Amino acid sequence: MASTTRRLAARVALIDVQEPARTVLAECFRKFGIETITMENRFMERMVSEKVDGCVVRLGSDAESIMQAARTSAANSRIVLYGFGGSAQDSIKYSRFGVNAVFTEPLERQAALKLVKATHSLVLHEFRRYVRVPVATEVAVTTSEGRRFAAMSQDVSSGGLSLKGEIVAPGTAIEVSFALLTLPRIWVRGSVTWAKKEDQEIGIKFDTQDERRVKIKEWIDAYLGG
């Protein structure tokens, strides 16, 4: 009799993630047809040899080595990379590895589900025409009034990005500066289109007259198609 067990569409490795967070993450990913597998040893070796579609890595002493192994391997160089533990601000030191998103501790089910929902299409390789790539990297912001601050990106598209950090009024002209994995630091003009005060989040639309934004589109195309 043939097995009725169906392999889910994609797999995400959980590295050094303990209970109860392990069960919560497994349930959240499964809601979107994504299987989780637990890795408890030989992290670097398995990241080089075992193909997965995403990876949740505890931010700690081994995190840099694990991320480096994944990003330099033929099998997993373009996986969706999640950090686990600490805060989004703590993930800045790992931004050169192209961390896509961060699960903070203590892990809350609704927050985890929201993050998985925002990133699952990338794990499943299901891209919308106007795709937003989840990515957590530090962004330097300068407003037209001369105000300067650093924020964390939530996602980026060829048309703009969303940030978490400080609130700026919609309509404000700004310039942002950031780097993305294989994309060196870039500066681009834009304007704030929306703000969520309660979440300390803002949305930015790039200036269509700023030709520097083309490099962002080229990076996204290469990231998704590579």
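The values are calculated or read from the model by the stated rules, or taken from the named source; none is laboratory data. All values derive from a computational prediction rather than experimental measurement. Because the Cβ atoms are built from the backbone with ideal geometry, glycine has one as well, and the counts that use them run over all protein chains shown.
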Selection from segment 125-147 of residues modelled with pLDDT of 90 or more, of a type outside the set (Val, Ile, Thr), in contact with a strand residue (DSSP E or B) (Cβ under 7 Å, 6 or more places away or on another chain) and in a loop (DSSP other than H, G, I, E, B) yields ALA136, SER144
Expected single match for aliphatic (A, V, I, L, M) and surrounded by fewer than 19 Cβ atoms within 10 Å (Cβ to Cβ) among ALA169, ALA101 is ALA169
When every residue in segment 165-181 that is in a strand (DSSP E or B) and modelled with pLDDT under 95 is compared, the one nearest to ALA118 (Cα to Cα) is LEU180
Consider SER121 carefully, then state whether it is surrounded by fewer than 20 Cβ atoms within 10 Å (Cβ to Cβ) and in a helix (DSSP H, G or I).
yes
query: What do you reckon, is TRP187 surrounded by fewer than 14 Cβ atoms within 10 Å (Cβ to Cβ), of a type outside the set (S, T, N, Q) and in contact with a Lys or Arg (Cβ under 7 Å, 6 or more places away or on another chain)?
result: yes
Of the listed residues (ARG42, ARG46), the one being over 21 Å from the mean Cα position of the chain (by Cα) and either surrounded by fewer than 19 Cβ atoms within 10 Å (Cβ to Cβ) or among the aliphatic types (A, V, I, L, M) (or both) is ARG42
